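Student: Have a look at this one before I ask anything.
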Amino acid sequence: MLAEASGCGAVLNLDNIPRPADVSWEKWLTSFPSFGFLLSVPRPQIEAVQAIFQPQNLACEVIGEIVAGTQVHLQAQGEKQLLCDMTHPLTGFGEHVVD
């Protein structure tokens, strides 16, 4: 949704997503969809944003980057695969005109 609404692409690195060691990726990525949030933060501000989460013992990690284009890729263990291409919208959030 972030990429579609923002008119950009993204690369998300699954290796950097915090998860419990005893939970499979399939279960972790499909459970509690509102439990995790993606924030788009300029690189110079990353440490300041992480510092907000730390006192609450909440994980806040860099898991990817925004890129030019329309494609969202997942990468893990050195491999990269296309997840979706925003030229075929999923939500319609990017289909608006701003005056």
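The values are calculated or read from the model by the stated rules, or taken from the named source; none is laboratory data. Worth saying up front: this structure is predicted, and the values here are computed from it rather than measured. Note that we place each Cβ from the backbone using ideal geometry, even for glycine, and neighbour counts take in every protein chain shown.
Student: Within the set of pairs 6 or more residues apart or between chains, which connect a residue that is surrounded by 10 or more Cβ atoms within 10 Å (Cβ to Cβ) inside region 40-61 to a residue that is assigned to a helix (DSSP H, G or I) with Cβ atoms less than 7 Å apart?
Tutor: Close Cβ pairs satisfying both conditions: S40/L2; V41/V49; C60/V49; C60/Q50; C60/F53; E61/N16.
Student: For region 6-37, name all the residues that are closer than 21 Å to Q77 by Cα, part of a loop (DSSP other than H, G, I, E, B) and not acidic (D, E). Steps first, please.
Tutor: Of the residues in region 6-37, the ones closer than 21 Å to Q77 by Cα are 9-30.
When the remaining residues are screened for being part of a loop (DSSP other than H, G, I, E, B), the result is 17-24.
I17, P18, R19, P20, A21, V23, S24, listed by residue number.
Student: Also: Search region 3-23 for residues that are more than 17 Å from K80 (Cβ to Cβ) and pair each with any residue that is modelled with pLDDT under 90 and not small (G, A, S) when their beta-carbon atoms are under 7 Å apart and the residues are at least 6 apart or on different chains.
Tutor: As it stands, the answer is E4/M86; E4/P89; E4/L90; E4/T91; E4/F93; A5/F93; R19/W28, since those pairs meet every condition given.
Student: Then there is this: If you take the residues in region 42-99 that are outside any strand (DSSP E or B) and within 13 Å of A10 (Cα to Cα), which one is modelled with the lowest pLDDT?
Tutor: M86
Student: Select from region 1-39 the residues that are under 25 Å from G94 (Cα atoms), surrounded by 14 or more Cβ atoms within 10 Å (Cβ to Cβ) and of a type in the set (V, I, T) and list them in ascending order. Steps first, answer last, please.
Tutor: As a first pass, look at region 1-39 and keep what is under 25 Å from G94 (Cα atoms): 1-14, 29-30, 32-39.
From what's left, surrounded by 14 or more Cβ atoms within 10 Å (Cβ to Cβ): 2-6, 8-14, 29, 36.
Answer for region 1-39, where residues must be under 25 Å from G94 (Cα atoms), surrounded by 14 or more Cβ atoms within 10 Å (Cβ to Cβ) and of a type in the set (V, I, T): just V11.
Student: Also: Within region 14-41, take every residue that is under 23 Å from E4 (Cα atoms) and β-branched (V, I, T) and give me the one that is modelled with the highest pLDDT.
Tutor: The selected residue is V41.
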